[in-house]
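This report refers to the structure that appears directly beneath it.
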Amino acid sequence: KATKEDQRWFKTLVARHDQLELSTDGLFVSHLPIELDQSSSAFQHIAQMMDDDDLRKRSNMDEEFSDPYAGIAERLEIDAESGERRKIIKRVAVPWSYGASTSTCKNRLRVVRDESEEATPYLASLTNQEVGDLAERVVQMLQDEFPTCVAYTERVKTAMDAVRNRGHDFIAWYTPSFFLVRQRIHTSRRLQREVWSGSKD
């Protein structure tokens, strides 16, 4: 139920449009764009592309709610609260599910530790090496738990190798609306220069 102030705001917003009207009781259907956070979207997309019913169910695409991170977090043997264990799994699983390297996953976990020490006391107690070792353990658990994701990543790498072998540096496809998309293949190079961080050392 919209408040009087909300109704005034809405009427001002749609003053130039006659498609949307407030009903007499102040209720309305919004057609405004919103931001929506999809749950486990990489796992869901891979499940669809690889036609894996089990992964669909585990990535919350079934009638029953499913959290792909919570189950693994329960089996992660570290001295941390369940919420922090789940956060650790998720912070590694998200980049991993999009094809990130183990090195990238380690860095993401270090960033989480450095940015939210209060929210992640276990991570805050670890050295860089220990955070890296933990990330490796989590990646191994994900690989064991989600073999379809591993197979998908291998198929993508094989496709990229085929593109490179033909002398191209991009892949291209048409969207359902016939928009041509070209995605370049990106590679990384070794660090060329150190950049001063502003620290006194």
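The values are calculated or read from the model by the stated rules, or taken from the named source; none is laboratory data. The structure displayed is predicted, hence computed values, not measured ones. As a convention, Cβ positions derive from the backbone with ideal geometry for all residues, glycine included, and neighbour counts pool all protein chains shown. For the accessible areas, the whole protein counts, side chains as well, though only heavy atoms, and no ligand, DNA or RNA atoms are used. Shrake-Rupley method; radii C 1.70, N 1.55, O 1.52, S 1.80 Å.
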*Scan the stretch 92-105 for residues that are surrounded by 22 or more Cβ atoms within 10 Å (Cβ to Cβ) and either of a type outside the set (A, V, I, L, M, F, W, C) or not in a helix (DSSP H, G or I) (or both) and jot them down.*
Ser97
*asked:* of a type in the set (Asp, Glu), at pLDDT below 95, under 26 Å from Gln38 (Cβ atoms) and surrounded by fewer than 13 Cβ atoms within 10 Å (Cβ to Cβ): is that true of Glu84 in this structure?
replied: no
_Any residue in the stretch 68-83 that is touching a residue at least 24 places away in the same chain (Cβ under 8 Å) and of a type in the set (Phe, Trp, Tyr) sitting within a Cβ distance under 7 Å of a residue that is open to solvent by 50 Å² or more (accessible area, probe 1.4 Å) and in a helix (DSSP H, G or I)? List the pairs, counting only those 6 or more apart or interchain._
Tyr69/Arg86; Tyr69/Lys90
_Taking the condition of being surrounded by 15 or more Cβ atoms within 10 Å (Cβ to Cβ) and either out of contact with any helix residue (DSSP H, G or I) (no Cβ under 8 Å at 6 or more places or on another chain) or at pLDDT below 90 (or both), how many residues in the stretch 31-58 meet it?_
3
*Name the residues in the stretch 142-169 that are open to solvent by 100 Å² or more (accessible area, probe 1.4 Å), farther than 28 Å from Val94 by Cα and of a type outside the set (Lys, Arg), would you?*
Asn165
*Check Glu84, Glu35, Glu77 and return the single one that is outside any loop (DSSP other than H, G, I, E, B), among the acidic types (Asp, Glu) and within 30 Å of Val112 (Cα to Cα).*
Glu84
*asked:* Among the numbered criteria (1) open to solvent by less than 80 Å² (accessible area, probe 1.4 Å); (2) at pLDDT 95 or above, which one does Ala124 miss?
replied: (2)
*Filter result for the condition that a residue is in a loop (DSSP other than H, G, I, E, B), farther than 28 Å from Ala151 by Cβ and free of Cβ contacts under 8 Å to residues at least 60 places away in the same chain, over Asp51, Asp25*: Asp25
_Condition (residue is open to solvent by less than 90 Å² (accessible area, probe 1.4 Å), under 30 Å from Glu84 (Cα atoms) and under 22 Å from the mean Cα position of the chain (by Cα)) applied to the stretch 170-184: is it met by at least one residue?_
no
*Find all pairs meeting these conditions: Cβ atoms under 8 angstrom apart; at least six residues apart or on different chains; first residue within the stretch 108-124 and farther than 13 Å from Ser82 by Cα; second residue open to solvent by 30 Å² or more (accessible area, probe 1.4 Å) and among the polar types (S, T, N, Q).*
Arg110/Asn128
